[in-house]
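The values are calculated or read from the model by the stated rules, or taken from the named source; none is laboratory data. Bear in mind that the values here come from a model prediction, so they are computed numbers and not experimental data. Here the Cβ positions follow ideal geometry from the backbone for every residue, glycine too, while neighbour counts run over all protein chains shown. SASA here: full protein model, heavy atoms, side chains in, ligands and nucleic acids out. Shrake-Rupley method; radii C 1.70, N 1.55, O 1.52, S 1.80 Å.
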Amino acid sequence: MLSEIAAPKHAILFNKEWLVRSNNRWGLAYTSLEELIAICHFASICDGNIVEIGCNEGYTTAALAVNHPGRLIYAIDYIGTNSTMRPEQRHEMPSVIARQARNFSNVRPINQDSTTLDYSKLSNVRMVFIDGGHHFEQVKADSELAITHLRSQCGGYILWHDYDSVGPYIDVKRYIDTELAPKCQVHRILNTGLVVAKI
Ligand SMILES: C[S@@+](CC[C@H](N)C(=O)[O-])C[C@H]1O[C@@H](n2cnc3c(N)ncnc32)[C@H](O)[C@@H]1O
C-alpha cells in the first residue's frame with residue numbers, strides 16, 4: 001500500500017556546495033535539501049550502517065557522513081563497461097566514486113555493480129538509499145537485494161529517489177507501484193521525490 005507522510009523536520013549539517021548542481025537533461029535536479037533532511041532523518045533512526053546505491057560524486061554521501069559520524073557509509077557506484085547501466089544514464093558515471101566524501105573516515109567507496117552487491121561483506125547495514133540504475137530490472141534487483149538483507153537483520157529502512165521523475169527514471173515509480181506497494185507498506189515523503197519503506 002502506498003500512503004503519504006510529511007517530510008521529517010530534522011536539523012542537519014550540510015554544505016551549500018552539495019546542493020549547487022545543475023539539472024540534468026530531463027530537467028531534474030539531484031538530491032534537494034528536503035531530501036537530504038529526510039535521508040538523514042531515517043539514517044538517524046535506523047540503528048546501523050548505511051548503503052548508498054549510486055553515490056555518484058558523493059554529495060549525499062558527504063551529508064550522511066558528516067551527520068552520522070558513528071555510522072559507516074558504504075558508497076556504491078560503478079566505473080566500468082561491464083555493467084547493467086542503462087545507456088541514457090552512462091553520462092552520469094562519476095570519474096571518481098564519492099569524490100566529495102572521501103575525506104570522511106566513515107565513508108567506504110566501493111566500485112561495484114550494485115545489482116550484484118554482496119551484503120554479507122558489509123557490516124550491520126540497516127538502511128539502504130537506492131539511487132543507482134533506474135531501469136526497471138535494476139531498481140528491482142537493487143530493491144530485492146536490500147529487502148532480503150534487511151529481513152535477515154531485524155529490519156531497517158529503504159529509501160528510493162526519483163519516485164516522481166521522468167525520462168529514464170520513470171521505472172522507479174513503475175517498480176514501486178506495480179511490484180512493491182501491493183506487497184508492502186510504502187510511504188511517499190511529501191515535497192520530495194522519495195519513497196520509504198520500513199522492512
Ligand atoms: C542520479 S546518480 C546518483 C546521485 C547521488 N545519489 C547523489 O545524491 O548525488 C545515479 C548514479 O547511479 C550510478 N549507477 C547506475 N547504474 C549503476 C549500477 N548498476 N551499479 C552501481 N552504480 C550505478 C551512476 O553511475 C550514477 O552515478
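Just one of the numbered conditions (1) away from the ligand (no atom under 12 Å from the Cβ); (2) modelled with pLDDT under 95 is not true of residue 70; which one?
Only one criterion is unmet by residue 70, namely (2).
If residue 165 passes every condition in (1) under 24 Å from residue 59 (Cα atoms); (2) without any contact (Cβ under 8 Å) to a residue 12 or more places away in the chain but one, which one does it miss?
So residue 165 meets the others, but not (2).
Report the residue count in the stretch 111-137 for those that are closer than 17 Å to residue 48 by Cβ, in contact (Cβ under 8 Å) with a residue 24 or more places away in the chain and of a type outside the set (Gly, Ala, Ser).
10
For the stretch 188-199, give me the residue count where each residue is touching a strand residue (DSSP E or B) at 6+ places or on another chain (Cβ under 7 Å) and farther than 20 Å from residue 48 by Cβ.
So the count comes out to 4.
So that you can scan it fast, the table gives a plain yes or no per residue for (1) under 15 Å from the mean Cα position of the chain (by Cα); (2) open to solvent by less than 80 Å² (accessible area, probe 1.4 Å):
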| residue | (1), (2) |
| --- | --- |
| 94 | no, yes |
| 113 | yes, yes |
| 121 | no, no |
| 128 | yes, yes |
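Please verify whether residue 45 is more than 13 Å from the ligand (Cβ to nearest atom) and either buried (at least 24 other Cβ atoms within 10 Å of the Cβ) or under 25 Å from residue 120 (Cα atoms) (or both), treating the condition exactly as stated. Break it down stepwise before answering.
Working: more than 13 Å from the ligand (Cβ to nearest atom): yes; either buried (at least 24 other Cβ atoms within 10 Å of the Cβ) or under 25 Å from residue 120 (Cα atoms) (or both): yes.
Answer is yes for this residue.
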